[in-house]
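Every number in this text was worked out from the coordinates using simple rules, so none of it is lab data. Note that the structure is predicted; figures quoted are calculated from it, not measured. Methodologically, a virtual Cβ is constructed for each residue, glycine included, from the backbone with ideal geometry; neighbour enumeration extends over all protein chains shown.
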2 protein chains.
Amino acid sequence: MTESDLPVVQLTPGRWGDPAHPVALPAAAVDALKHLGVQRPSTDVRTSEETQGAQDRPGLTEAQVGFLASVVGAEYLASDLESRWAHTRGYSTTDLLRFRAGDTSGMPDAVVYPASHDEVAALLAGCADHDLALVPYSGGTSVVGGLAPSRRFVTVDLRRLDQLVELDEISRTARLQAGVRGPAAEAMLAERGYTLGHFPQSYEGASIGGYAAARSSGQSSAGYGRFDQMVVGLTLATPRGTVELGRAPMSAAGPDLRQLVLGSEGAFGIITSVVVRIRPRPVERHFEGWRFESFDAGLTAVRRLAQDGPLPTVLRLSDEVETAVNLADPDVLGGGAGGVLAIIGFDGPYNRATADVLTAAGGTNLGEGPGETWRIGRYRAPYLRDPLLDEGALVETLETAAFWSRIPALKTAVTEAIVGALSATPPLVLCHISHVYETGASLYFTVICAQSDDPIAQWRSAKSAANQAIATAGGTISHHHGIGTDHRDAYVTEIGPLAVEALQAVKTTLDPDNILNPGILLPER
Amino acid sequence: MTESDLPVVQLTPGRWGDPAHPVALPAAAVDALKHLGVQRPSTDVRTSEETQGAQDRPGLTEAQVGFLASVVGAEYLASDLESRWAHTRGYSTTDLLRFRAGDTSGMPDAVVYPASHDEVAALLAGCADHDLALVPYSGGTSVVGGLAPSRRFVTVDLRRLDQLVELDEISRTARLQAGVRGPAAEAMLAERGYTLGHFPQSYEGASIGGYAAARSSGQSSAGYGRFDQMVVGLTLATPRGTVELGRAPMSAAGPDLRQLVLGSEGAFGIITSVVVRIRPRPVERHFEGWRFESFDAGLTAVRRLAQDGPLPTVLRLSDEVETAVNLADPDVLGGGAGGVLAIIGFDGPYNRATADVLTAAGGTNLGEGPGETWRIGRYRAPYLRDPLLDEGALVETLETAAFWSRIPALKTAVTEAIVGALSATPPLVLCHISHVYETGASLYFTVICAQSDDPIAQWRSAKSAANQAIATAGGTISHHHGIGTDHRDAYVTEIGPLAVEALQAVKTTLDPDNILNPGILLPER
């Protein structure tokens, strides 16, 4: 079979949006890009790295093909170019740039589509004997090089594991298979009156297995928690057998092994299904905008809600730059020049007490208008990268988290590091807080500047400076994007060599032949 | 130095209460024991197992003593009998019975009292070379054989690590050293206006390090969460070096390694300090009792609060037997015969909405009387074991947790298993729920019956039957007591051999010579 025969819609390789329905940049944005010195590139190929290499690689041997087909059936083994290309890399900006450059390095040799846990388990059990490395593929939306192993590989696309297996209305839990996409999960749960409440920006493309493997966090995290907080059980297929975890919401039976598998990014095994906490579907939703004089003023307000409540379901605070860039009409903010925009949302009735806290902290209620604007555009940002890259802009995001007392200095340090590294093409650095906890919060940065001649190297330099700033200022290298290959070195620095060795020992136990995601998450030993 | 020179009050070996101030059983309780056939024993020695063996063991070599003294100082190395005896075993009923029998097996060869993380690290670094196994000792309140390693050992008593190291009022976090006892932690935080909110029944004796290592859960868990939910950072000393974890409340930087250390029960390293989330100290507290027609009716009510809120800070529901046994005056319950007692408590203002949910679920408000009675006696239960054992009763507790839909069958299965195993001495089996989550709850059982000739074997048989019932009915082997040695076999069954191997690989990485708590938590390989 080929990619186009598959029942679930696939994102377009190298573009988030459908090329048949391109997203246009607002005219104001195009003007703004001119101020950054952005020029429409004259050629599609803008990287010197690793181009056109992979096409020459040998394909699979007959024995390998025979093994794979024997497990999943010949019709669910694809080695045509279209299928392989569609499973190459993820959706970071450097991934997109490589797609645009026609860089075929990192293509899988084939794609298999198992239909069940047992088929996944059989693949894992036999791949070492057939000298095959595997990359599990759920939504394919990694932005950290999570689909780029260190050697040739076969992709295990989990889209046929697309079932709501069980719904326990007494316990309010649901077992969802790993390949269920976000919208499909919500649709299946909605039929029974429930919601998962997990709405990351990658919602349209990402899947349950990826949410779990990479510790996703959604836009409603203030109300529903992160995905790793929703998981109460999971099934992990490993090359040495299956691990079944989660007999209770919480336990004192040793370490929480669910939290060892969550975030393991396919290095320990393939998560084939997850048991998640579900909640009744809300009958009403409210979103509204608030204005604060400054990011610092807004920071105090959102911290107050995070620590003393009552928290809304959605809570976001943009800094001055993000507010200015995102608001086409600055009059929306009122109150004269400057100021920052916060968005709050409620799944369920509007909570006046939340508004009272924001008012007491100096906020001005802007009403539902800005809230609805945000709601309508909430999944739009990834689409905008396509036309921005078309125009010759470099645009990428990065994120971190820290305890509250470190947030202001961390934000300054990361911004200065990026600006310093991109001094040849002065960037705009936008920032917002979109995930809060009693003890701290995330910081999400968007960087826009003109592309240099080698935009991949250009971004790497900025990212490296940002990583260093995060480490020095006491942040974590990722709040919700994960490690992949892009963050691997920073991850080693963050947890230290002894912790890395402990995780490598877990991997060696479960995957002794290193066939799963080699080089992803952990350095190979 | 000897035990009595140490600044912190030590629980009496083999008794929870102070022998100078014995707790008397109510006359009604003594009468009730007669109905169970309980007879005051004629002798203090009631077990045939392993008596008087350890005194004959060789002590430490001069080189071993020299090493230990070189790290902690000679004045903080104790090898007198009093100190060793005080660090023998924990506080399970079988532990108490052995203490009473004068069973000196399981005594450490010595006790060291390091004063700092660095001294702990130095002990760990050198013990393999000196052929010494170590057992970390925090409060010493294990009820699952958590202080009974598989070979001779030296106890590392952490009581001198008793400092509040740092308090971050912006992030609302505090770093507390491992040896800080519950009341000391609250006193130090209260000086700054904060509370940890962790009040397990072992509160008077247990310490921060033990809370973390064994995943403690306190009586206010509905409001403050479990201890493992309060921890945002920790420092672990291992034989191979120090691991420092927690740069943010939550992270997508790989697995959550904090949750790998929490619950590791000293098998991977010694937790020397923990960073916990703190909250402002409440200015008011309210406790009250509620009556439900049956445990099943109460179960529906507490589940409704756990799933749809608003949760109080304390939420407990006793079953019919526990209600009948605990209420000296059955008229408190009103409403005729039968019925069960629930207790709710609020740190902060009374929340009428919580009461409305209970009323709608068929509950009757009994007012503050039963609430205050519970509050005053909340740490009393462990004291009652002393006079109950004196009278010849066998009394012990066990606990589990599961998803809501399994709770009724799990409760029945465990009760029947215990009653079946103790048919020669028909027991009372009391049960309550005291920890709730959206997806499930804990079940806590208290068993009282007449002692047989060999009460240790008698309890083992009951516990074994209960463990089997828990496994079959889908519960976890422990919600908050931990694994130790008593639950080790059941733990292996619960997580499976592959997960055990993964944890053994972590242990081998961090503790390659198996000097830390050998045989505790994990079987030795």
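This model, with +1 at the C-beta of Lys and Arg and -1 at the C-beta of Asp and Glu, gives region B:164-280 a dipole about its Cα centre of some 160 debye.
Between residue B:39 and residue B:325, the simple label model (points 7 Å from Cα in the Cβ direction) yields a spacing of 2.2 nm. Look at the stretch A:270-278: the mean tally of other chain Cβ atoms within 10 Å of its residues' Cβ atoms is 1. Look at the Cα gyration tensor of region B:32-157: its axes a ≥ b ≥ c give a/c of at least 1.5 with a/b over b/c, and that counts as prolate. Projection of the Cα convex hull of region A:72-142, averaged over all directions and equal to a quarter of that hull's surface, yields 5.2 nm². When only the Cβ of Lys, Arg, Asp and Glu is charged (+1, +1, -1, -1), the dipole of chain B relative to its Cα centre reaches about 880 debye.
Does region A:355-487 come out rounded, prolate or oblate, given a ≥ b ≥ c as the square roots of the eigenvalues of its C-alpha gyration tensor, rounded meaning a/c under 1.5 and, failing that, prolate meaning a/b above b/c? Cα axes put region A:355-487 in the oblate bin. Taking every C-alpha pair closer than 8 Å and separated by at least 6 residues, the mean separation divided by the residue count of region A:290-446 gives a relative contact order of 31 percent. Size descriptors for region B:209-331: radius of gyration and Dmax over Cα atoms are 19.1, 61 Å.
Assuming a ≥ b ≥ c are the square roots of the Cα gyration tensor eigenvalues, decide whether region B:376-435 counts as rounded (a/c under 1.5), prolate (otherwise, with a/b larger than b/c) or oblate. Oblate is the answer for region B:376-435, as a/c is 1.5 or above yet b/c matches or exceeds a/b. Here the spin labels are modelled as points 7 Å beyond Cα on the Cα-Cβ line, and at residue B:80 and residue B:116 they lie 2.7 nm apart. Averaged over the residues of peptide B:491-499, the number of Cβ atoms from other protein chains lying within 10 Å of each residue's Cβ is 6. Hydrodynamic analysis of region B:164-280 uses the Kirkwood radius over alpha carbon pairs. Inserted into Stokes-Einstein at 20 °C and 1.002 mPa s, it gives a translational diffusion coefficient of 152 µm²/s. Peptide B:230-242 has a mean of 2 when you count, residue by residue, the C-beta atoms of other protein chains within 10 Å of its C-beta.
Comment: the Cα-to-Cβ extended label point of residue A:349, at 7 Å, lies 1.5 nm from its counterparts in the other copies, nearest first. The same position residue A:364 in the other copies lies at 5.7 nm from this copy, comparing label points 7 Å beyond Cα toward the beta-carbon, shortest first.
Each eigenvalue of the Cα gyration tensor of chain B, multiplied by 5 and square-rooted, gives one semi-axis; in descending order these are 36, 28, 22 Å. Start at zero, step by 10 Å, and the Cα-Cα distances of the protein assembly as shown spread as 2, 11, 19, 23, 20, 14, 8, 3, 1, 0 percent across the bins.
For chain A, adding -39500 (n - 2.57) for each run of n ≥ 4 DSSP H residues and dividing by the number of residues yields -9500 deg cm²/dmol at 222 nm. Both radii were evaluated on the Cα set of region A:285-369; the Rg over Rh quotient, with Rh as the Kirkwood radius, amounts to 0.94.
Taking amide H as placed 1.01 Å from N in the peptide plane, residue A:273 has its amide H under 5 Å from the amide H of A:178, A:235, each at least 5 places away in sequence or on another chain. Across chain A, Cα pairs under 8 Å and at least six residues apart give a relative contact order of 18 percent. Label point of residue A:377 (7 Å along Cα→beta-carbon): distances to the other copies' equivalent points are 6.3 nm, sorted ascending. Pairs of Cα atoms under 8 Å, at least six residues apart: use those to get the relative contact order of region B:74-196, whole percent. Relative contact order here is 24 percent.
Label separation (residue A:69 vs residue A:368): 5.9 nm, computed from points 7 Å beyond Cα along the C-beta direction. For residue A:285 and residue A:381, the FRET efficiency from 1/(1 + (r/R0)^6), where r spans their Cβ atoms and R0 equals 30 Å, is about 0.90. As a calculated quantity, the FRET efficiency between residue B:31 and residue B:105 at R0 = 35 Å, using C-beta atoms, amounts to about 0.45. Of the DSSP H helices in chain A, those with a Cα length along their own long axis of 18 Å or more and a mean Kyte-Doolittle hydropathy reaching 0.0 comprise A:407-421, A:497-510.
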